[in-house]
1. Check E184: other-chain or 5+ apart residues with amide H under 5 Å from its amide H, H built from backbone geometry?
2. Could you tally the net charge around Y9, taking each other residue with its Cβ under 11 Å from the Cβ of Y9, Lys/Arg +1 and Asp/Glu -1?
3. Leaving out ligands, DNA and RNA, what percent of the accessible area of the range 220-303 is carbon and sulfur, probe 1.4 Å?
4. For a quick check: with amide H placed at 1.01 Å from N, whose amide H comes under 5 Å from R253's, ignoring anything fewer than 5 positions away on the same chain?
5. So for each of 259-272, 159-172, 16-29 I average, over its residues, the number of other beta carbons within 10 Å; can you give me the resulting order with the highest mean first?
6. Taking amide hydrogens as modeled 1.01 Å from N in the peptide plane, which residues meet the under 5 Å criterion relative to L95, leaving out close sequence neighbours?
7. Could you compute the net charge surrounding V124? Neighbours are other residues with a C-beta less than 13 Å from the C-beta of V124; K and R count +1, D and E count -1.
Amino acid sequence: MAQAPVPFYMLCGSLGAGKTTLLMRLLEYWNQQGLRAGVLMNEAGEISIDGPRVGTLAEQVMNLAGGCVCCDTKEDLSWGIAQLVRDYRSDLIVLECSGLADPAEVVDGVTDLYTARLAKLERVVALLHPVAGTQSHSSLFVTEQAIRCADELILNKRDLYVPGHWEEFKASILARNPEARLWETTQARIDAAALLESGVAETHGAPTNVAFGAPRSARASYHPIATTIRLPKPLNRQRFSTWIQSLPKEVERAKGFVRFVKEPELQEVQYAPPGEATISPIMLLDEPEKAIVLIGRGFDVDRYGAALLACAETIDGSTR
C-alpha cells in the first residue's frame, strides 16, 4: 500500500528573525511526542552553519547549502524530501528556508504532484521582526512573500522594541495578511502544541489572530495557499478550457496532470497569469495522480473546485 504523505512544515521570513531558534523549540516538542522529524536546512553559504546544532535534536538533517531553495537548490528540495521519507522514515519534515528564499517558489516546488505523493504542505510559518534601517530590495521582497504565504505569522523579538513602534509594526503585518494567525514572541518562545494544532488551518471563520497564545479576533474565511483538487474521472476538454479561463486574478498558479475523454495522452497543465494556460501531452515513467493544484488566496475554493469536478465526463458523454 502507498504510504500517506507526511506533513511538511516550512519556516521562512526575515534574516535574523529567529527561525533556527523556533526550529529548535519545535524539534524539542516533536521529540517529546515521539515523532521522527526530518529537517531540511537551506543556507545561502557553501557550508551549513546551523545544521550541526539542529542535528543535536533532529532525527535526520539534510543540508541544502550553496543557494536559496527557491531557485539554485529547488531540485535538491524534492530529492531531500524523498530521502527523508523513503530512507529515514521521517514522520514529518520541516524546512528552514534561508532568509533569501522566496516562499512562494518553495510552495510551488513542494506542491509538485510527484513530490506531493511523499509530503503534504501542512503549514507555512513566517518569522518576522522590525528591522532598523534600510533593507535591500531582495530582502524586502522575501519578507513580503513570507507575509503573504504564511498560515502563521510570528512577530519575534518584542522585547527589543518600544510599544509604539511594535504596535505600528504589528498593524502593518495584519493589514497585509488578515487571514493568518498572529503570534507575538520573545526569543521565539511559543506554545508549539497550539501552533501545530491539526485542523486549525481548515477551520473557517474561527477565532485565529493570536497574541501570546490567546484569541485576539476572528480572521477572514481561510484556505491554505495551495489547494489540490483530485480528478477521479477524465474531463471534457472544452469545459476544462472554459474553467481555466474563468479563474480569478487571485489564483496565482495552476498546474497538474489531467486526462481528457477520448484522448489517449496524459496532459500536463501549466498556468501562470498573465500568460495563457498551456495544456500539453506528456510521457512519464509511471502514471501520476490526476489532479490540479491551485496556488493563491482570496478566491472561492469550493466554487472553483466544484466547477472543475463538473468538467468530468464519462465515455458516453454524461457528466460526473
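1. Those lying under 5 Å, H to H, from E184 are L155, F212, G213.
2. Numbers: positive: K120, R123; negative: E96, E122, D151, E152.
Surrounding charge for Y9 is -2.
3. Details: 2400 of 4510 Å².
That fraction is 53 percent.
4. Placed amide hydrogens put I295 under 5 Å from R253.
5. Details: 259-272: 15.2, 159-172: 12.0, 16-29: 20.1.
Descending mean neighbour count gives 16-29, 259-272, 159-172.
6. Y9, M10, L11, L40
7. Values: positive: K19, K120, R123, R148, R181, R297; negative: E96, D102, E105, D108, E122, D151, E152, E179.
After counting each charged neighbour, the total is -2.
The values are calculated or read from the model by the stated rules, or taken from the named source; none is laboratory data. This one's a predicted model, so the numbers in the text were calculated from it and none came from an experiment. Don't worry about glycine lacking a Cβ; one is built from the backbone with ideal geometry, like all the others, and counts go over all protein chains shown. Areas reflect the complete protein model, heavy atoms only, side chains present, ligands, DNA and RNA absent. Shrake-Rupley method; radii C 1.70, N 1.55, O 1.52, S 1.80 Å.
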